[in-house]
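S.K.: Okay, here's the structure, questions in a sec.
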Amino acid sequence: LTPSVLCPPAATSPCKILKCNSEFWAATSGSHQAGAEEAPEFCTALRAYAHCTRRTARTCRGDLAYHSAVHGIDDLMVQHNCSKDGPTSQPRLRTLPPGDSQERSDSPEICHYEKSFHKHSAAPNYTHCGLFGDPHLRTFTDTFQTCKVQGAWPLIDNNYLNVQVTNTPVLPGSSATATSKLTIIFKSFQECVDQKVYQAEMDELPAAFVDGSKNGGDKHGANSLKITEKVSGQHIEIQAKYIGTTIVVRQVGRYLTFAVRMPEEVVNAVEDRDSQGLYLCLRGCPQNQQIDFQTVRSAQATEGRARRKGPSLPAPPEAFTYETATAKCREKLPVEDLYFQSCVFDLLTTGDVNFMLAAYYAFEDVKVLHSNKDKLHLYERTRDLTPGNTAPTGTHPTLWVALLCLCWLCLL
């Protein structure tokens, strides 16, 4: 997949995937309660859904919801033993009985990840990924990168959910970007949840899915997927217990931050790993989208000015020197790790003090979501230097500078 493929279609796009979705959900409302005699009717609706997606395939190549629907149809075909050949007329299936609503709290065991898959074994290994600021990425393997990635990019793409972020310029004419839009698609999963879509944008952080619901729909295990509003318009949390996953989305200033805790088994649940090359949380940013953090920070410290300063660019809303930026960041981030360095980087780049808060909250989310408390802080390591000029892996930058100075003195 490429960024252009994942970009949402324009408002005038002829893609009709939402129409296909709504027709299928309308036809199968309450079908999980249907008896065995209605299974053929569900398969008929599923074939009609597949036929509808094929009709609009050419115009939906860039639509994330379309790709999610195609994968979901294949899963449902297998789960319900449906043949791909057969009638495609839309059936009329019975609806839920009165009183059977989204408020059900009793979920089947399969809708609780740890109970279902690890009842007689050790607890699963959990991993963390986060995206914040200009933007800074911490991958599932604890790699830390500063990236450009302007436009729409896939953050997570596995068999259970898709997460896509859209990054836009912070200042006109600048290459500094931050996350302005976030789309999360939870795919339909057995008797637990219906497909659900969550979407947040600048100045709009809803506490519900796009259809207005706050859980996984009408299925028996619907409450294994729930949205909770922590701070109105600023902080929401999504619990997806059926896949052992917790997602935190915040709006800090004008931009969004993202953090997730997910079992390794779910992280790696992809049908074709070779096609996941741009799955940022798993593989990191492409090489040509990464920013050499060390070089830029060195220039910032030397010049005391933003790295994107230029006569044609507007001045940032607040001017920070390297000294004032570091002092400001120490107010919230006393440990000089990569979260602290990201804070300094962003204040010099944007002049926006909200980026300090973004780094602070990103680290607060790490403290809650990361399973290894010894790996909360990350420290800078030399990256992507040419052969013969590499620093020892894991060497603290201060020590590395001291070693260079010592070697220089030895040559004098």
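The values are calculated or read from the model by the stated rules, or taken from the named source; none is laboratory data. Only a predicted model underlies this, so the values are computations on that prediction, with no experimental measurement involved. Don't worry about glycine lacking a Cβ; one is built from the backbone with ideal geometry, like all the others, and counts go over all protein chains shown. Side chains are part of the model used for accessible areas, which takes the heavy atoms of the whole protein and leaves out ligands, DNA and RNA. Shrake-Rupley method; radii C 1.70, N 1.55, O 1.52, S 1.80 Å.
S.K.: Counting only heavy atoms of the protein chains, get the accessible area per residue of the stretch 109-278 (1.4 Å probe) and round it to a whole Å² value.
M.R.: Numbers: 6050 Å² over 170 residues.
Per-residue value: 36 Å².
S.K.: Continuing with the same structure: How big, in percent, is the set of alpha carbon pairs in the stretch 109-278 lying more than 19 Å apart?
M.R.: Details: 8161 of 14365 pairs.
Of the Cα pairs, 57 percent sit more than 19 Å apart.
S.K.: Here's another thing I want to ask about it. Summing +1 for each Lys or Arg and -1 for each Asp or Glu, what net charge is found among the other residues whose Cβ lies under 12 Å from the Cβ of residue 187?
M.R.: Details: positive: 196; negative: 74, 75, 157, 194.
Local charge sum for residue 187: -3.
S.K.: While we're here: Arranged from highest to lowest average of other beta-carbon atoms within 10 Å per residue, in what order do the peptides 153-166, 65-78, 173-186 appear? Show your work: numbers first, answer last.
M.R.: Details: 153-166: 22.8, 65-78: 18.9, 173-186: 21.1.
Going from most to least packed, we get 153-166, 173-186, 65-78.
S.K.: Can you tell me the length gained on complete extension of the stretch residue 327 to residue 203, counting 0.36 nm per residue apart and subtracting the Cα distance?
M.R.: On the way: separation 124, 0.36 × 124 = 44.64 nm, distance 2.88 nm.
Answer, rounded to one decimal: 41.8 nm.
S.K.: If I compute solvent accessible area with a 1.4 Å probe over the protein chains, what percent of it on the stretch 109-278 is carbon and sulfur?
M.R.: Details: 2670 of 6050 Å².
Exposed carbon and sulfur together represent 44 percent of the surface.
S.K.: OK, next. With charges set only on the Cβ (+1 for Lys and Arg, -1 for Asp and Glu), what does the dipole of the stretch 129-217 come to about its Cα centre, in debye to the nearest 20?
M.R.: Around 140 debye, computed over the stretch 129-217.
S.K.: Determine the sum of side-chain charges near residue 15: Lys and Arg each +1, Asp and Glu each -1, restricted to other residues whose C-beta is under 10 angstrom from that of residue 15. Working shown, then result.
M.R.: Working: positive: 16, 19, 58, 61; negative: 63.
Surrounding charge for residue 15 is +3.
S.K.: Can you give the FRET efficiency for residue 231 and residue 83, using 1/(1 + (r/R0)^6), R0 = 60 Å, r = Cβ-Cβ distance, to the nearest 0.05?
M.R.: E(calc), rounded to 0.05, equals 0.75.
S.K.: Residue-wise, which Karplus ³J(HN,Hα) couplings in Hz belong to the stretch 255-263, taking 6.51 cos²θ - 1.76 cosθ + 1.60, θ = phi - 60°, and x for glycine or proline?
M.R.: Couplings: 10, 9, 10, 9, 8, 9, 10, 8, x Hz.
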